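Written out below as structure tokens is the structure these notes cover.
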Amino acid sequence: MWSDLLIIRVLFVFAVTVAAHFLKPAGLGFPWADLIGLATGLAIVLFEIRVRRISLKRLIGAAIGSVLGITGAFLMSKVLAESIPGNNTTVPFLQLALLLLMTYVGLVVGANKGDMLNLAALGGLFGGEKAARQSFKILDTSVIIDGRIADVAETGFLEGALVIPQFVLRELQLVADSAEATKRNRGRRGLDILQRLQKIPHLNVQILEEDFPHIRDVDMKLVELGKLYNCKVVTNDFNLNKVANLHGVEVLNINELANALKPVVLPGETMRVFILKEGKEYNQGVAYLDDGTMVVVDNAKKMISKTIDISVTSVLQTTAGKMIFGRYDERVHGVYDKTPDKAERASRERAGSPA
């Protein structure tokens, strides 16, 4: 898409240059006429690039402001022509200056006030612009490598289009080509997740060419992209989450979603866990639920490698996840030699987790 647009722009600049060569504006010949045509074509292309980044509301506001400014300048020019007698250059100069002033003021003020327009009231194409942009969800590098976004997408809970910026793809490719084995595997996993997302039938995955060359940090590029298109950024990066919120960009955090979906446990309830290892404090044991939630159990040091019933004493919710604290009482709770498959598998997979 970007290459096609580049070809169209080059052809347009060439056409303007050729037209200036043959039409000879202001009676100029080669090479001045050609240079004027080239400069005009480049100026128009630069203007087009800037206009593409402006929202529809601002464009409509700028157009209305310009028309009102030109109309006001025309009426005031008539008054000037009648008020200042004599045929001199003063009146044409004032009329031109007035036209430029009113047009400029109308353009700037109209563009700034354009955000106040309620296009949704008009319905149709205008009403759908904001909704369409807000349905975009921009994926960052960390959430692609994480992979859980594909599981969420397959359930059908994600609506709209998933957008992968070109600079995120470049970062993924750099990670996949890294000389370090760990980074290389993570990058390749991210590319595999993208292929998996593209194969989901009901999902619309798009590659966005928009970039911000003056910004080097990828996280800030994502924030600027979210502000530009008024859409949400999907991530599991804690720092990006905070920075985006400071800039007023909405964030969908996969870690927060995972924490919200964890089963609710209340103090006083009884639950069955597999004690995997010793805890930090005296006579503590540590277990893990199927979703990775850490369970710290008092009086369970002797119950390592066994499945026991415990009483929940408290639940601690942190930004990193949820922790459950419980107590084992041998007079009340049962001990089971056979470990349930799920509990044992989840605990042993997290054997390296800190207590």
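The values are calculated or read from the model by the stated rules, or taken from the named source; none is laboratory data. For clarity, every value in this text was computed on a predicted model and none was experimentally measured. Positions of Cβ are generated from backbone atoms using ideal geometry, with glycine treated the same way; all protein chains shown enter the neighbour counts.
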Considering only region 291-299, I want to know if a residue exists there that is part of a helix (DSSP H, G or I), in contact (Cβ under 8 Å) with a residue 40 or more places away in the chain and under 31 Å from the mean Cα position of the chain (by Cα). no
Those residues of region 203-224 which are of a type outside the set (A, V, I, L, M, F, W, C), over 16 Å from residue 161 (Cα atoms) and surrounded by 15 or more Cβ atoms within 10 Å (Cβ to Cβ) amount to 211, 219, 221, 224
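Would region 31-51 turn up any residue that is assigned to a helix (DSSP H, G or I), of a type in the set (Phe, Trp, Tyr) and closer than 16 Å to residue 107 by Cβ?
Within region 31-51, one or more residues are assigned to a helix (DSSP H, G or I), of a type in the set (Phe, Trp, Tyr) and closer than 16 Å to residue 107 by Cβ.
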Would you please list the contacts, defined by Cβ atoms under 8 Å and residues six or more apart or on different chains, that run from a residue in region 174-194 that is modelled with pLDDT of 90 or more to a residue that is among the hydroxyl-bearing types (Ser, Thr, Tyr)? 175/141; 184/178; 187/178; 190/141
Near pairs, Cβ below 9 angstrom, 6+ apart or cross-chain, from region 40-53 (touching a residue at least 60 places away in the same chain (Cβ under 8 Å)) to any residue that is of a type outside the set (A, V, I, L, M) and outside any helix (DSSP H, G or I): 53/210
Matching residues, region 178-230, being of a type in the set (Lys, Arg) and either in a helix (DSSP H, G or I) or under 20 Å from the mean Cα position of the chain (by Cα) (or both): 183, 184, 186, 188, 189, 196, 216, 221, 227
Just one listed residue, out of 73, 26, is at positive phi and either in contact with a Pro (Cβ under 8 Å, 6 or more places away or on another chain) or among the aliphatic types (A, V, I, L, M) (or both), and it is 26
Can you name every residue in region 225-237 that is touching a Ser or Thr at 6+ places or on another chain (Cβ under 7 Å) and over 16 Å from residue 167 (Cα atoms)? 236, 237
Taking region 248-271 and keeping only residues that are in contact with a Ser or Thr (Cβ under 8 Å, 6 or more places away or on another chain), assigned to a strand (DSSP E or B) and farther than 13 Å from residue 149 by Cβ, one is left with 251, 270
